[in-house]
1. Considering only DSSP beta bridges with both partners in the stretch 80-199, what is the antiparallel share in %, to the nearest 5?
2. Express the C-alpha Rg of the stretch 230-301 as a ratio against the empirical globular expectation 2.2 N^0.38 Å, rounded to two decimals.
3. Quick check on the chain: of the DSSP beta bridges with both residues there, what percent are antiparallel, nearest 5%?
4. Rounded to a whole number, what is D in µm²/s for the stretch 315-422 from Stokes-Einstein with the Kirkwood radius over alpha-carbon pairs (4 °C, 1.567 mPa s)?
5. When only alpha-carbon atoms count, how far does the stretch 262-317 stretch along each of its three principal axes, as whole angstroms with the largest first?
6. Residue 176 to residue 123: extension gain in nm, 0.36 nm per residue of separation minus the Cα-Cα distance?
7. Grab the alpha carbons of the chain, take their convex hull, and tell me the volume per residue in Å³.
8. Largest first and to the nearest Å, give the Cα extent of the stretch 95-166 along each principal axis.
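All of the numbers you see were taken from the coordinates with simple rules; none came from a lab. Because the structure is predicted, anything quoted here is derived from the model rather than measured. Don't worry about glycine lacking a Cβ; one is built from the backbone with ideal geometry, like all the others, and counts go over all protein chains shown.
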Ligand SMILES: Nc1ncnc2c1ncn2[C@@H]1O[C@H](COP(=O)(O)OP(=O)(O)OP(=O)(O)O)[C@@H](O)[C@H]1O
């Protein structure tokens with residue numbers, strides 16, 4: 001049988017990095033092939049080369065035995081190659097069908113296209129309403145739109161770059177069913193993920209990349225997650241160690257019946273939130289995305305101010321009226337969920353990105369930024385957190401997703417905050433680096449600081465947290481000791497059961513907002 005895709009000696013370098021180094025492998029029709037490797041190993045670069053979004057410096061690509069010459073995404077699509085990117089590319093202010101029409105060749109009859117969207121989404125079990133405005137969709141639904149957009153064109157090779165990082169476990173299972181169905185129909189799939197259990201569940205074969213080179217192949221179904229991790233990292237993963245928490249006497253951060261109106265018609269209002277985070281511990285906030293996590297993070301960080309100063313207390317001092325910068329000045333660090341655009345400014349260098357929050361650490365003299373100091377700080381973060389980057393002058397958008405995440409977390413930890421709030425600390429971060437990030441958060445807490453982690457990954461929360469809360473529909477559960485709870489209890493709370501509904505009535509502020 002002829003391979004659907006054959007790569008021969010693909011190489012690509014960027015200034016200072018050999019991103020792909022003589023990569024060769026094949027994918028057969030109907031095969032689900034995993035590409036795994038550490039952050040910065042060269043996976044996304046390779047996928048972009050196959051899709052034609054960027055070109056290789058050397059090497060050949062063969063599709064169904066025929067060489068693909070110089071190509072771009074539109075010629076790839078004509079060959080039946082489709083790609084779903086790590087970061088979505090949908091326009092928010094138009095409908096699903098309008099978005100899809102934009103990626104189709106020629107002029108489209110929107111009514112007929114909407115009908116086809118419905119058909120395809122039904123056939124593959126990916127419900128999508130073509131008339132919905134994209135801005136009203138959850139991330140999981142947006143992911144579906146991206147996939148349906150590809151499926152409409154009956155792909156022969158589908159590339160998925162970390163498709164499940166934003167999906168709930170149920171949505172992942174639905175996606176896998178679709179992918180298996182597609183593969184059974186003969187479509188080949190290239191699948192990138194850092195979630196080794198998922199790879200073992202879904203993929204027929206795997207190619208491992210390290211430092212831009214192929215370092216191994218594996219049958220993921222026959223290998224354990226530890227074996228796959230070893231292939232990726234080249235050694236056993238470090239065990240995360242956790243000394244018992246020595247909790248401080250009083251909470252470093254406290255939310256006292258905090259209520260906040262929804263920021264928009266589509267947001268979630270926060271209701272009577274009571275939370276305590278002591279020095280010496282990690283507090284986790286579990287929940288399915290869209291239940292108020294973003295709003296809670298904004299209320300703690302100061303991106304949104306509280307109704308009363310005393311709603312938010314930092315080391316006993318009311319800070320609810322302060323903005324984000326003022327709260328940072330007082331020792332509240334913050335790592336947002338979106339790394340591009342909020343955690344970092346993509347076209348800025350790492351030095352400039354370091355300055356954004358670290359200017360508080362003596363990097364401004366007489367109103368001018370001390371670039372030498374900022375560069376030194378950025379270099380320190382790069383080295384300590386093993387960020388793969390050409391140096392402090394590298395642009396944020398040139399870093400691989402996981403490496404940028406490590407840089408942002410490192411920058412905030414190095415600022416030695418009293419309280420650190422981190423949203424989704426290890427999204428897109430490889431298994432080795434995840435262990436490092438988790439260990440660093442534990443160490444920060446054991447140094448007497450309070451760490452608050454918002455994560456959808458229950459395994460992660462159970463691994464690092466001392467106490468847990470669950471957020472559901474803008475309300476927070478009671479506080480749970482990690483050692484005295486389990487996944488079943490947290491899962492139940494995530495559905496909203498057991499979180500006092502008495503106050504589910506809109507708070508006064510939200511009634512006003514609704515008017
Ligand atoms: N546009 C670019 N400009 C400069 N360097 C780049 C660019 N794109 C990628 N690189 C570099 O190429 C290397 C490979 O990056 P790539 O994004 O392919 O890694 P990855 O394996 O997909 O990582 P991750 O798991 O973190 O997404 C990295 O060192 C990265 O910094």
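1. Within the stretch 80-199, antiparallel bridges account for around 10 percent of the total.
2. 1.57
3. Just about 50 percent of them are antiparallel.
4. Rounded, D is 92 µm²/s.
5. 36, 26, 18
6. Going from the current span to full extension adds 17.7 nm.
7. In the chain, the Cα hull volume divided by residue count equals 162 Å³.
8. On the principal axes, the stretch 95-166 reaches 33, 31, 21 Å in Cα extent.
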